[in-house]
Structure formats: C-alpha cells, structure tokens
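Reading through the structure tokens given below for one structure.
The values are calculated or read from the model by the stated rules, or taken from the named source; none is laboratory data. It should be emphasised that the depicted structure is a prediction, and the values quoted were computed from it without experimental measurement. So basically every Cβ, Gly included, is an ideal-geometry build from the backbone, and we count neighbours across all protein chains shown. Heads up: the accessible areas ignore ligands, DNA and RNA and are worked out on the full protein's heavy atoms, side chains in. Shrake-Rupley method; radii C 1.70, N 1.55, O 1.52, S 1.80 Å.
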Amino acid sequence: VSLLNVDLTAMCLGVVQAHDQLMSSDETVSSMANRTAALAGVNGDYFEINGPGRPISMVMRNGELMQSPTFYPVLGVTSSGKATIMIPSFSGQVITDSASHALKSVNVYRDASKGDMVLITPALGAMISVKNETVALLLHVADSPGAFTVQSVRSNMVNLPALARQSALVAGGAAGKWLASNLHAGTKLTITK
C-alpha cells in the first residue's frame, strides 16, 4: 500500500490521459507522470484494458467535459478544492432555430448504436465505426462556447476518422433520422452539456 498525503492548497491537481486522448494504446501511470513532470501519479479510473484504452467513467479536465458520466462513481476535486465521490448525471441538448433533441453523451460512442445521439470531440482521439449511424460534422464557432455550424450530414459513412479541429454528432435509430431531417450544411446549432 502506498500513502500520498497532499495539501490541496499548496498543490495543483490535474487529469492526464494515456497519450493525451481518451482512446489510445495503454500507457503506464509512471510514464504519464514522468512526461508531465508530476510529483506523483494515481490511476484514477478503470479503462478498457486490451482494447481501445478508453476510461469507463466520466473525464473532466480543466473544466472541460471530455467524456460524460456512465453509471460508475467518480472521484473529483471541486473548484473550491474539496474532494468528492459521487455518481454524476448528464443532460444535454442539440438546439437549432426550429427544433431540439436530447444529447445522450459526450464521447461515449457506443450510445449511438443504441439509437441515441452522441457528441464526438477531438478528445476521443481515434477512429470509430459508424456503419448504421447518421453523422453530422460540425465546426466550432469561434468565441462562442457550445455554438457550431454544420459542415455536412452523412448516412453512408463506415468509419468516422479521429477528429482534429471539428466535432461530430453521431446518432442511430430515431435520433439518426432527426439528424438527417433537421440538420443540413450551414445549419447553426447550440449544444448544451
């Protein structure tokens, strides 16, 4: 057993992902600590071992939601410096001038195959299969958090490549039909999460 006694008022805590993305080959905690010049490192989540390496629960870094919560508890530190363990919930919306739809998750890509809508961001870091889903590629509107412009909407993609400067809405079933009916190239939308 190792014990780490930390004064949170004198230390800066941070979240580091294997190879700085949600999906990647595995990386040891010591490697992540070394490359970020951390004084100590703690494995903070289970992950899909021998697979895509994606954490199985929520990931938030510097106030940015990188992956929405699942049904697992989350260890976190609040903005006031208090440690907390809880099972958080997620609620999001995709809103256009004339319609809105529930957003099930962020970067939990398997939700799309269950007929839900998922926001995929560059933080995912890997290609995913989208054989039976509708995909809307989005460009971020500068200086407007949550605002996007639709680049294209496609239902014939097999794989969505790793994203760099854009995001994507991926949806199956009724949610995919909503995407195809309500979003078109040039559509302005807001995503709340």
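Of note:
- Of the residues making up the range 97-108, at least one is hydrophobic (A, V, I, L, M, F, W, C) and open to solvent by 20 Å² or more (accessible area, probe 1.4 Å).
- Residue among ALA136, ALA142 that is without any contact (Cβ under 8 Å) to a residue 60 or more places away in the chain, surrounded by fewer than 19 Cβ atoms within 10 Å (Cβ to Cβ) and either under 15 Å from LEU22 (Cβ atoms) or among the aliphatic types (A, V, I, L, M) (or both): ALA142
- Boolean, ALA185 is open to solvent by less than 10 Å² (accessible area, probe 1.4 Å), over 23 Å from GLN21 (Cα atoms), out of contact with any Cys (no Cβ under 8 Å at 6 or more places or on another chain) and of a type outside the set (Lys, Arg): no
- Output for the range 74-96, where each listed residue is touching a Pro at 6+ places or on another chain (Cβ under 9 Å) and open to solvent by 40 Å² or more (accessible area, probe 1.4 Å): ILE85, MET86, ILE87, SER89, PHE90
- Subset of the range 109-133 (residues that are among the hydroxyl-bearing types (Ser, Thr, Tyr) and crowded, with 19+ Cβ neighbours inside 10 Å): TYR109, THR121
- Selection count, the range 61-91, where residues are hydroxyl-bearing (Ser, Thr, Tyr) and within 17 Å of the chain's Cα centre (by Cα): 5
- Subset of the range 178-193 that is without any contact (Cβ under 8 Å) to a residue 40 or more places away in the chain and in a loop (DSSP other than H, G, I, E, B) - its residue that is farthest from ASP116 (Cα to Cα): GLY186
- Flag for THR78 being modelled with pLDDT of 95 or more and under 27 Å from CYS12 (Cβ atoms): no
- Whichever residue in the range 155-169 is over 13 Å from ILE191 (Cα atoms) and touching a helix residue (DSSP H, G or I) at 6+ places or on another chain (Cβ under 9 Å) and, among such residues, is surrounded by the most Cβ atoms within 10 Å (Cβ to Cβ): LEU160
- Listed by first and then second residue, the pairs linking a residue in the range 45-70 that is part of a loop (DSSP other than H, G, I, E, B) and surrounded by fewer than 16 Cβ atoms within 10 Å (Cβ to Cβ) to a residue that is among the charged types (D, E, K, R) and at pLDDT below 85, with Cβ atoms under 6 Å apart and 6 or more places separating them unless they lie on different chains, are GLU48/ARG54.
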